[in-house]
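Report on the following structure.
The values are calculated or read from the model by the stated rules, or taken from the named source; none is laboratory data. Nothing here was measured: the structure is a model prediction, and the numbers come from that model. Every residue, glycine as well, gets a Cβ built from its backbone with ideal geometry; the counts of neighbours run over all protein chains shown. SASA here: full protein model, heavy atoms, side chains in, ligands and nucleic acids out. Shrake-Rupley method; radii C 1.70, N 1.55, O 1.52, S 1.80 Å.
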Amino acid sequence: MHRVYEDGGREIVLTIFRHNPNDEDSIPHFQDYPIIERPGMTLYIALTQIYTSMDHDVSFDFVCRAGICGSCAMVVNGKPRLACRTLTSEFSEGKITLLPLPTFQHIKDLSVDTGTFMNAMTKRVEGWIVNNSPQDISTIEKPIDPELSDEIFELDRCIECGICLASCATKVMRPNFVGAVGLNRVARFSLDPHDSRSDEEFYELIGDDDGIFGCMSFMGCQDHCPKHLPLQKQIAYMRNKMVKVR
Amino acid sequence: MKIIYSDALIVGGGLAGLRSAIATKEKGLDTIVISMVPVKRSHSVAAQGGMQAALANSVMGEGDNEDVHFADTVKGSDWGCDQEVARMFVATAPKAIRELANWGVPWSRISAGERTVIMNGQKEIIQESQDAHGLINARDFGGTKKWRTCYTSDATGHTMLYAVANEALRRNVIIHDRKEAISIIHDEKKAIGVIARDLVNGELIAYVAKGTMIATGGYGRIYKQSTNAIICKGIGTAIALETGIATLGNMEAVQFHPTPIVPSAILLTEGCRGDGGVLRDKDGYRFMPDYEPEKKELASRDVVSRRMIQHIRAGKGVPSPYGEHLWLDISILGRKHIEKNLRDVQDIAKTFNGIDPADEGSKGWMPVLPMQHYSMGGVRTKPTGESTTLDGLFAAGEAACWDLHGFNRLGGNSVSEAVVSGMIVGEHFATYCKERNLNANTSVISKFMQKQSDYLNEILAYNGKENIFDIKDEMRSIMQEEVGIFRNEEGLQRAVKRLEELLIMTKQINVKSKIRGNNPELNEAYRVPKMLKIALCVAKGALERRESRGAHYREDYIKRDDLNWLKRTITRWEAPEATTPTISYEELDIAKMELPPAFRGYGRKDSIIEHPQSMERTQEIEAFKATHPDMDRFELQEQLMPFELPLDYKKKNQRIGAEYA
Amino acid sequence: MQKNHLIELLTQKDNRKKKSKIPARLDFLQSATGAVLVLFIMFHLLFESSILLGKDAMYALTKAFELDFVFKGGEPLFIAFLAFGVFVVFILHALLAMRKFPSSYREYSAYRLHAKMIQHEDTSLWFIQITTGFMMFFLGSIHLYTMMTQPDKIGPFASADRIYSDTMWPMYLLLLVSVVLHASVGLYRLIIKWGWFEREKSKWMIKAATIFYLGIGLVSLGVYMKIGYEHRGEYGKRYTVEANK
Ligand SMILES: Cc1cc2nc3c(=O)[nH]c(=O)nc-3n(C[C@H](O)[C@H](O)[C@H](O)COP(=O)(O)OP(=O)(O)OC[C@H]3O[C@@H](n4cnc5c(N)ncnc54)[C@H](O)[C@@H]3O)c2cc1C
Ligand code: HEM
Ligand code: SF4
Ligand code: FES
């Protein structure tokens, strides 16, 4: 009734970047792993298979394996993407080269440290609700326009995977650039009626060349974001707002 | 020796851990959260469907309040829960959701006016009032009388976790990620921290604090097929067990979710059925109404899962290269609804199966099969969240057996529990830490440090023939087959025996790379024995419990046996070299229950062995109500089963129409 | 005043602990100057291709720019003024845009390696933008300098002589390609940067415009070459409407 179960069985080769920066003896190199493709095989399945049956020493990060948690971003044949959402059948040549995500601290092999950056980013853009009026949580909540709430949700969907940064030439050149993830975060809070901050206050957070004015519109973020967030629109929106601040 | 001191140490950065950290920060305590992964990757992020709280904003929630939520929860638990805890929970949940709104969770909101919904496979029109416009919306979920599950599309856990994590960062909670707790430091009387391993470089660190909280989530990954993230290995629960002092509760209570997608085991939210999706068999026939005429697809999860397996056993499963499955059909909800409210579901089906569930007819049906989903069991605690047996050790969230869920938790009640317990238990934990001085004996710390260091070296020195990956696979298969949805004496005995053997075999392995640093195989080598201990607790608990209750279903004892089994299973690991846990029981006192055991309203009616006290208590309550007609519901409740809450959490919750009544 | 500067030097904030608004102004000016130049070049190229309609048309247009409807015979100084104005905007734009140039080999190579890895159109386009920008720094300056110093030497023959007999054509060819590509990419960037129009559609339209401008530019350059070749014997002789009859 359904074409759910496509054929498999061909041999594919995963070429993986291997290096442990914490080990002085480790030399960066690429290693090939030929495996048999199975129907519906994702890179999560393929890498797990390599790890459990071929090489117990390869490191990579998967958590949810469902494209929700943002752990598994890596560079797949040149493109930063979520490995758990990548089917091996997409690559008709059967050759898949995997690199760790650039612009983040490298941990080992395909594993990078996104947590430290993202927490620092959150603090840098003060990515939280600021509201100093007292709130009684036993009373009825503040009504919010349903459409506005949906709009905020759209921007809240960012999973901090880091792909926008790894796809961004500005970030690659200028490590202090806050990136789409941070700018989108600010746009999200500036929309939120719970947040009392003014544009002037947001300017203090991103009004410089490491912030909103650093973006050179390469659109790597927009074109690779696995959540398809409207990053271009949001960055433009913030830029228009920020140049108007006196 | 690297020692890091703090006032309050929280192991686990999911909703429960982070919300607790906010509570301790609120009291001015230095708080450290350690987590295996960056906290926003915690498994809470994966919750899709929603969070239960009786707000009663929508017409479909009209008349909802704490009492209704309480009754649903107790029934859902198959009377296995601690009713006092359930009361604490339902009174706080509406506050939790409103607090989260203030912290930025973009809850779906109600639009006044007409709205089309699908109920029972039929389109119906409901009318939302003007007063409700802009207030938090709710959807229908299994096992609930009212529409009570608040949501943000189908990424509820994500928005909740981000809001709580951002708030924690705002309050300068210190977060150390990629640190795995592998042992709890204690001086036989109280817990004073953990030994953690830095997963980047392998370094051991002693985190020492006035109080320690375990908020490490569930242990679903001991099963072969589970919706849980691959970090849900129960390590936090295991290290509590390994103290030999702290105990675990109801470990055999493992929930299976009816609709993960086949074969990737990714969950399709309960919201699919809540919003009106239906289950179909190989003939495209909607079979649930035959089994559960009243609640149909929306009976509680344990019931639906069993009915599905039963139906497959009756030869109605759809054959596939991955075994038999059934279909979940949401195409009847219409493309517009799916693309707005069930977008992640659509995305999962498209990405992993190449199916667009919005396609009409059988083309859009998604293959589903019940799989492990939630761990009701965990570190046994008092209602304050403190371990019943080890001072200074607290537990919250899925890792705890606080005991809100008994033998089956309701969908939407667990993210809710995670946050609410973060508020309540977090507050008790904060008070505990505030009132104590840090008097950690360095010799105790170094003893624990040495022990772990020696243990890791010992593992690296093993020189056997076994392979840790094979052991793990076998454990997961055994759990799946013998300790799954249907259980019986023989299978469980086999399981316990083999799991014990596997535990012994974990010392007969040979880890290839001998470095103590970043060595994935070494991680496996010390985690699998811990997982096996948890698996043994589950299997042995299931073997001993000769009745069926909630998610625990014994084919050879199909009745819920209130007469003999109205009790909580308590497991303890007596000695480090033991190969099975010791089991004891904690009685549940019917005389104190606000809602004495009865029929749940779904499942089989004739399958209860009643306890005579149930009837007595029911009559007692009826009589009390009859003699106090002037009491309002709060006063009555207080008389029947008093409970306490910290801060203002006991304040009455305001609702539209009802105000504070 | 002095002290305020020191505060800014030390804290990157002014004396009210506020962030400087200069980056906002610079960003805006960079786009504004870019936009002015794009507009200018769009018309400039159209006017310059008036040669395709014949020498008379081009001559008339030149004279119109010399305001011959006000001053008898036209006043080339106006062209010089115009050129000077453009030169100022041009320099200003170049200065502002230079802030974004790769400022070290590390930055440059990081960009190149990244672009090579990711194979992403919008990212690669920037390479065109910086190389053409860099080239125009010289080519554009030369051209604008000529226009400012010899504003009188514009016309069907004068221009053709410069292009052919003075062997300026390689410079013009490069300048033409540079300016069209740079302006196209720049305009596209403006659109997405400020969110003016929908991205995919804009990209498509700009691609069409690029082809159009490169087309008319190259063909008119060819026409000037032809005129210059035929006119090589009379190098220096100016065009008059009557003489051509
Ligand atoms: C797919 C899916 C969908 C769900 N949908 C819903 C839903 O719609 N509604 C609902 O109510 N519930 C849902 N649940 C259940 C709910 O998400 C969880 O029960 C809840 O989020 C658990 O929160 P927690 O804070 O206790 O644990 P988690 O969020 O699991 O956090 C555990 C934390 O502990 C850390 N940790 C673990 N072990 C260690 C260690 N040894 N050392 C250090 N750190 C450690 C982890 O890194 C993590 O930070 C769903 C669950 C799944 C699997
Ligand atoms: C000396 C000559 C020039 C140099 C060195 C130069 C350089 C640059 C550079 C490097 C950029 C990219 C800036 C960024 O990425 O943010 C840029 C942008 C731009 N340039 Fe130029 N350019 C020159 C001349 C011109 C000319 C003649 C035009 C018009 C025809 C023009 C139009 C633009 C536009 C519209 C932009 C986009 C502005 C923005 O992004 O804000 N430039 N220029
Ligand atoms: S904006 Fe998109 S690419 Fe960037 S971190 Fe968020 S989800 Fe990832
Ligand atoms: S593992 Fe969570 S997004 Fe891939």
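Restricting attention to segment C:120-131, does a residue exist that is charged (D, E, K, R), within 16 Å of ligand 3 (Cβ to nearest atom) and under 29 Å from C:LEU218 (Cα atoms)?
Checked segment C:120-131: at least one residue is charged (D, E, K, R), within 16 Å of ligand 3 (Cβ to nearest atom) and under 29 Å from C:LEU218 (Cα atoms).
Quick check on segment C:218-227. Is at least one of its residues touching a Pro at 6+ places or on another chain (Cβ under 8 Å), open to solvent by less than 50 Å² (accessible area, probe 1.4 Å), more than 14 Å from every other protein chain (Cβ to nearest Cβ) and part of a helix (DSSP H, G or I)?
yes
What number of residues within segment C:10-47 satisfy the criterion of being within 14 Å of another protein chain (Cβ to nearest Cβ), in contact with a Leu (Cβ under 9 Å, 6 or more places away or on another chain) and either open to solvent by 50 Å² or more (accessible area, probe 1.4 Å) or farther than 30 Å from C:LEU214 by Cβ (or both)?
Total satisfying the criteria: 3.
Taking only segment A:92-101 into account, find how many residues are part of a loop (DSSP other than H, G, I, E, B) and modelled with pLDDT of 95 or more.
2
Hey, can you tell me all the residues within segment B:347-362 that are part of a loop (DSSP other than H, G, I, E, B) and under 17 Å from B:ASP154 (Cα atoms)?
B:ASP356, B:PRO357, B:ALA358
Cβ contacts < 7 Å: first residue within 16 Å of ligand 4 (Cβ to nearest atom), restricted to segment B:225-239; second residue part of a loop (DSSP other than H, G, I, E, B) and basic (Lys, Arg), any location; separation 6+ or different chain. Result?
Sorted first by the residue in segment B:225-239, then by its partner, the pairs are B:ILE230/A:ARG65.
Taking segment A:149-172, which residues are farther than 24 Å from B:LYS340 by Cα and either among the basic types (Lys, Arg) or more than 16 Å from ligand 2 (Cβ to nearest atom) (or both)?
Once the filter is applied, which keeps residues that are farther than 24 Å from B:LYS340 by Cα and either among the basic types (Lys, Arg) or more than 16 Å from ligand 2 (Cβ to nearest atom) (or both), segment A:149-172 yields A:GLY162, A:ILE163, A:CYS164, A:LEU165, A:ALA166, A:SER167, A:LYS171.
So is B:ARG409 among the basic types (Lys, Arg), crowded, with 21+ Cβ neighbours inside 10 Å and at pLDDT below 95 or not?
Against the criterion (among the basic types (Lys, Arg), crowded, with 21+ Cβ neighbours inside 10 Å and at pLDDT below 95), B:ARG409 qualifies.
Please go through segment A:103-144 and give me each residue that is closer than 30 Å to B:GLN654 by Cα, in contact with a strand residue (DSSP E or B) (Cβ under 7 Å, 6 or more places away or on another chain) and either touching a residue at least 24 places away in the same chain (Cβ under 8 Å) or within 16 Å of ligand 2 (Cβ to nearest atom) (or both), ordered by number.
A:ILE144 - this is the single residue of segment A:103-144 that is closer than 30 Å to B:GLN654 by Cα, in contact with a strand residue (DSSP E or B) (Cβ under 7 Å, 6 or more places away or on another chain) and either touching a residue at least 24 places away in the same chain (Cβ under 8 Å) or within 16 Å of ligand 2 (Cβ to nearest atom) (or both).
What residue, of B:THR388, B:THR381, is away from ligand 4 (no atom under 16 Å from the Cβ) and open to solvent by 30 Å² or more (accessible area, probe 1.4 Å)?
Going through B:THR388, B:THR381 in turn, just one is away from ligand 4 (no atom under 16 Å from the Cβ) and open to solvent by 30 Å² or more (accessible area, probe 1.4 Å): B:THR388.
Identify, please: which residue in segment A:38-59 is more than 9 Å from every other protein chain (Cβ to nearest Cβ) and of a type in the set (A, V, I, L, M, F, W, C) and is, among those, nearest to ligand 3 (Cβ to nearest atom)?
A:LEU43
If I ask for residues that are open to solvent by 20 Å² or more (accessible area, probe 1.4 Å), within 16 Å of ligand 1 (Cβ to nearest atom) and in a loop (DSSP other than H, G, I, E, B), which ones from segment B:38-69 would you list?
The one that is open to solvent by 20 Å² or more (accessible area, probe 1.4 Å), within 16 Å of ligand 1 (Cβ to nearest atom) and in a loop (DSSP other than H, G, I, E, B): B:ALA47.
Would you mind stating whether C:GLU48 is in contact with a Pro (Cβ under 8 Å, 6 or more places away or on another chain) and over 30 Å from A:PHE202 (Cα atoms)?
The answer is no for C:GLU48.
Could you list all residues from segment C:65-107 that are among the hydroxyl-bearing types (Ser, Thr, Tyr) and within 24 Å of C:THR33 (Cβ to Cβ)?
Scanning segment C:65-107 gives a single hit, C:SER103.
Among the residues of segment B:154-177, is there at least one that is at pLDDT below 95, under 23 Å from B:ILE22 (Cβ atoms), more than 18 Å from the chain's Cα centre (by Cα) and at the interface with chain A (Cβ under 9 Å from one of its Cβ atoms)?
So far as segment B:154-177 goes, no, none of its residues is at pLDDT below 95, under 23 Å from B:ILE22 (Cβ atoms), more than 18 Å from the chain's Cα centre (by Cα) and at the interface with chain A (Cβ under 9 Å from one of its Cβ atoms).
Within 16 Å of ligand 1 (Cβ to nearest atom), among the acidic types (Asp, Glu) and within 7 Å of chain B (Cβ to nearest Cβ), is that true of A:GLU141?
Judged against the criteria, A:GLU141 is not a match.
Given C:LYS17, C:LYS3, C:LYS72, which one is among the charged types (D, E, K, R), assigned to a helix (DSSP H, G or I), modelled with pLDDT under 90 and more than 30 Å from C:ILE192 (Cβ to Cβ)?
When all the criteria are applied, what remains is C:LYS3.
Please identify the pairs in which a residue from segment B:103-116 that is within 8 Å of chain A (Cβ to nearest Cβ) has its Cβ atom under 9 Å from the Cβ atom of a residue that is among the aromatic types (Phe, Trp, Tyr) and in a loop (DSSP other than H, G, I, E, B), counting only partners at least 6 apart or on another chain.
B:TRP103/A:TRP128; B:GLY104/A:TRP128; B:TRP107/B:TYR151; B:SER108/B:TYR151
Listed residues A:ARG157, A:ARG188; which is within 16 Å of the chain's Cα centre (by Cα), within 11 Å of ligand 3 (Cβ to nearest atom) and more than 11 Å from chain C (Cβ to nearest Cβ)?
None of the other options fit; the residue is A:ARG157.
Among the numbered conditions (1) open to solvent by less than 40 Å² (accessible area, probe 1.4 Å); (2) part of a helix (DSSP H, G or I); (3) not aliphatic (A, V, I, L, M), tell me where A:ASP150 comes up short.
Failing condition for A:ASP150: (1).
In segment A:110-125, what count of residues is obtained for those that are in a loop (DSSP other than H, G, I, E, B) and either open to solvent by 70 Å² or more (accessible area, probe 1.4 Å) or facing another protein chain (nearest Cβ under 7 Å) (or both)?
1
May I ask you to list the residues in segment A:173-213 that are part of a loop (DSSP other than H, G, I, E, B), away from ligand 2 (no atom under 16 Å from the Cβ), of a type outside the set (Gly, Ala, Ser) and over 15 Å from B:TYR162 (Cα atoms)?
Once the filter is applied, which keeps residues that are part of a loop (DSSP other than H, G, I, E, B), away from ligand 2 (no atom under 16 Å from the Cβ), of a type outside the set (Gly, Ala, Ser) and over 15 Å from B:TYR162 (Cα atoms), segment A:173-213 yields A:PRO175, A:ASN176, A:VAL178, A:PRO193, A:HIS194, A:ASP195, A:ARG197.
Is there any pair linking a residue in segment A:216-229 that is within 16 Å of ligand 4 (Cβ to nearest atom) to one that is of a type in the set (Lys, Arg) and in a helix (DSSP H, G or I), with Cβ under 8 Å and at least six apart or on different chains, and which?
A:PRO226/A:ARG85
Would you point out which residue out of C:ALA80, C:ALA64 is open to solvent by less than 20 Å² (accessible area, probe 1.4 Å) and either among the small types (Gly, Ala, Ser) or assigned to a helix (DSSP H, G or I) (or both)?
C:ALA80
When the residues of segment A:209-229 are narrowed to those that are open to solvent by 40 Å² or more (accessible area, probe 1.4 Å) and within 11 Å of chain C (Cβ to nearest Cβ), which ends up farthest from ligand 3 (Cβ to nearest atom)?
A:ASP209
Go through segment A:76-89 and report how many residues are open to solvent by less than 30 Å² (accessible area, probe 1.4 Å) and facing another protein chain (nearest Cβ under 7 Å).
Residues in segment A:76-89 being open to solvent by less than 30 Å² (accessible area, probe 1.4 Å) and facing another protein chain (nearest Cβ under 7 Å): 1 in total.
Go through segment B:549-583 residue by residue and tally those that are in contact (Cβ under 8 Å) with a residue 60 or more places away in the chain and either assigned to a loop (DSSP other than H, G, I, E, B) or exposed (fewer than 14 other Cβ atoms within 10 Å of the Cβ) (or both).
Matching residues across segment B:549-583 total 13.
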